Structures are given as structure tokens and as C-alpha cells.
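K.L.:
Here it is, the structure in full.
The values are calculated or read from the model by the stated rules, or taken from the named source; none is laboratory data. These figures come from a predicted structure and were not determined experimentally. We place every Cβ from the backbone using ideal geometry, glycine too, and count neighbours over all the protein chains shown.
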């Protein structure tokens, strides 16, 4: 076995002083948020300083376990600058919190999760640099640092939790005696609780780092248990792939899309981590019995299949509906899983001790993740920026599937980038008038809950682009006004059931129901068919848009909508195939076999049951 990481510093002063400083900084920030004073009046400074307060202290704790010197402080300064940049970018371009209203519990959890993952992967490389003076580190050493860091932080959190439990018992005991000072002290003002928690956490971290044998024993015991779950995960992987091969022909024949990338990625990620529980630091040449080790080796290429399917599914959805913030992060995870799977497959088929090159694969993917997260925390590859550009492009090109929810995603889910795109759309002279009108209305929506009732404004008849069939039929101003009045707000698209597809099949979106439909624009004019449907020798007008067709009857010099409904809904009544059929004259009117039955004011439409 390789030697353990360098023993941590036994100085109690540094972690406790750092914890005290962290607690005072949190006291200041929480108080500023409560009192609505600087920096809680700045969307740029507050998230940045909050990042510094939460993450700088643990970073110093972990670096100080190796060395405390000029290099340590230089690395800490670099971390502080990076946190400052990430927090400023988040506050200005992503979240842009409104501190003019009471917001006593502001905490950007999504940002903090990404920063935690980034720092957790960066710090082992920094620790190796402090210990050896070189950035290039063997996987064995990175493995030891990573596990030591994780266990020290976890034990410090447990120590703090137990301390708080004892504190609460003390408060309740004193309450029974009628002494309420402890409860008032710790519950009336959260700032004092944060100060105490920061100091206790720092003490717990120092005490956990002093118990080297405990950390080693916990790591060995946890990995010894988890490595056997790799066999369970592999069996699930094998059984799933076999079942998928059996069901694939039926699913393809019915265009059913039941494979979700989320669960494929969960299976891939869990299996990868459990493989690492068996591999550990790579010093054990055969961590499993021969048969079990062979099964894991030979099943490794299935990870490549699962990760590839998840990546393909995400790419298809992105092409169908555009990028969202969730899809950008999903694509990152999918690509990382593909890298792991490809490198693990190579390791499995090499004639070496069990999966011997997994360590190199882990280092490579960790570096790739560090670079990717660093770019995604900046304006260069911010998921919100990528999503805003994608959705705005789809709106401009009148892509299928664009509805009012697309505008609301830009308004509320893509930060300032999305709002800037909406303003550009509202002012774009090259865009359809309806797009400009809808973008302006979307910018005016104030609260997130209003997205569920947002719809495109009533259509201006002058903006409608209609195409008459036959071509010599006249669409007068009255008919145009009636059609505009019938085009209701385009509201959210109904979420398709889990067992139906929401990706295009032969150009159509099966399983996706739109409650309105795209208004008639230059890029997608609405056909209006003139045909006699009631046998009075006067043609009615049938206007197609969205997923329905609407009938208008001419009486004297006016048009009015007909209350009757065309029986069958078409998947997309504004698609190109329908227009081609209309222009080609593939139209006929059929007499119904059964007459309608009217009883009083009620009308019963008789239809034959399908056999």
C-alpha cells in the first residue's frame, strides 16, 4: 500500500481563528440582508461575498493540512479571486436578486453546489502541489487527499450536528425551569447561531484531522462495503440492456420513447463510482474473486452504450426544443460519463491487473471537469447564456414547438441573458410582429408564478399572414379580423406522458399538445380553405393553425365562427404536409351516415364505435 498523505498541522489556533473570522463575516452578511444595507443592496457584491464567506474557510482548512506558507496563501488568494468573479457574474447575469424587497433567506444553492464540486476536485491537486512542488500528481496521492478531505469535512459536520443537538437539549432543559435566556440567545438572532456554528465546525475539522487512524479505518470500511454493490449495479446494467434489446423493435414500431436520459445517467454515474470503490487507489491487483472481476471487466462496455444513449437522447431533445439550463448540465454529465465509459472500457480490455489504468482515466476526467466547471461559472460557457441563445434563435426561426412557455423560460430560467434576448426580440425589425409583441409582453411579466397564465397577446389582424385555397378566393378584412379574434393566447404546452415521445418523428411532435398554436406569420402562413360544408352553395372558410381547424360562415357581408367542431384534431394543422395536400386539391367532403339526434336543446352526435 502507498503511504498516507502528510500528517496535518496540529496547530489549533489557525482553524479556530479562521472559523471565528468566517462566523463574523457571515454575521455581517446576514445582518446586511436583514437591515437592507450594503452589500445586501448590490446584486454583484452580495453573492460574491457570500461565496467567499462560505468556501474560503474550508479551503484554508484543507490546504493547511499539508502546509502553511507563502504558497498556501497564494493559492488561497487565487481561490478568493475566482470566487469573487463567479459570484459577481452570478449576481449580475444569472440571478440578479431584487434586494429592494424583504429577502431574509437569500441563498443561491445551485451556484454553491457547482462551486463545491469545483473546489472539491481542485483542492487535491493543490495539496499535492504544496507537498511536492509539482502540479502533476499520481492518482494514488490524489485518491488519498480526496478521501481525507471528504471524511474530515463529513466528520466536522457530524461534530457540529451533535453539538447543536446537545445545545438544543440544554435549551429545553432550561425552558422547563423557566429560564429562557439560552433559547432567546440562539433563536432570536440567527447571526449568533452562525457565529457559533462556524467556530464549532472549525474545531471539529481540527479534531477529525488529528485522528489519522480513524480516517483510515472509516475509508477502508466504507469502500470495503461499497465495492460489492458494484456487482449489483453491473447485474442491473446487464439485465436492462438485455430487456432493452428485446423491447427495442416494438418501441421503434410504435414511436414510443420511454428511455429517459436522467435515469440512464444515474445508472452510469452510480456504476462508475462503485467501480472506483473496488479499484480504490489501484494498489490491490485483484480486489474481487476471479469470476466477479471478470464479470465487471466484460460488462464495462455496456457503460459506453448507456452513456451513449443518454447523450443521444439529450442531443435529440436539444435539437427538438432547444437548449435549457437543465439540458446543458445534463449534456455535461453525459459527456463526462462517455469519457469515463470509453476509458474504463479500454482499461477493462487491457491485459493488466484489474482495471489498472482506471486511475489515469479518473485524473483525466477530473481535469476535464475542472476546466468545464470553470468555464460554465464564467460568461464564456454559462448554461444560462447558451440556453438563452438557443431559445431566442428558435423563436426567430419559428421552429416547431415554440410556444408561450419558451418565452417564460427566457424570462425566468436563463437569468439576465434571457431578459436581454427578450428585449432584443421585442426590438428586432427582422422578427415577425407577433414575436416582437409577445417578447414585449414577456418582459413585462413580474412574478415567476405568472408564467403559468402567460399567453401571447391578442393577435393584431394586420400582422396575420393567410394563404387562401383556392388561390383566387378572397380573404376580406372582416374574415381576417374574425380569425384574429379566434386565435387565442398561445399558452404552455401540455407535458407529454412519460410513455410517449416528445421528439420529432417524421417532422411531427407526437404526444405534445399545444393549447393554442403559432400565429400566422411570414415564415408560417396559415392556410384558409374555402369549401361548402353545409350544402347551401356558399363556401365556408376553414382556417388551420396550431393543432385545430376553425370554421367561419358568411352571412350577408359578415363572417361568424361556426360552433360545430371538426371531429379529428391534426397533430399540427400548420405543417407543410397539410399545406401541400390542400394545394394539391386532395380534399373531399363526405356525407355522414348517421343523422344527429336533437332532444330539446341538447344535440347528440352519432358516431360508429370502432371495431
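K.L.:
Could you say which residue among 206, 180 is more than 34 Å from the chain's Cα centre (by Cα) and crowded, with 18+ Cβ neighbours inside 10 Å?
P.N.:
206
K.L.:
Continuing with this model, one more query. Considering only segment 520-606, give the strands (runs of 3 or more DSSP E) lying wholly within it that have at least 2 residues that are modelled with pLDDT of 75 or more and either outside the structural domain of residue 476 (by TED's automatic domain parsing) or on the phi < 0 side of the Ramachandran plot (or both).
P.N.:
Qualifying strands (runs of 3 or more DSSP E): 526-531, 540-545, 548-555, 558-561.
K.L.:
Something else: Just to be sure I understand, how many residues within segment 133-163 are more than 34 Å from the chain's Cα centre (by Cα) and surrounded by 13 or more Cβ atoms within 10 Å (Cβ to Cβ)?
P.N.:
Selection size over segment 133-163: 1.
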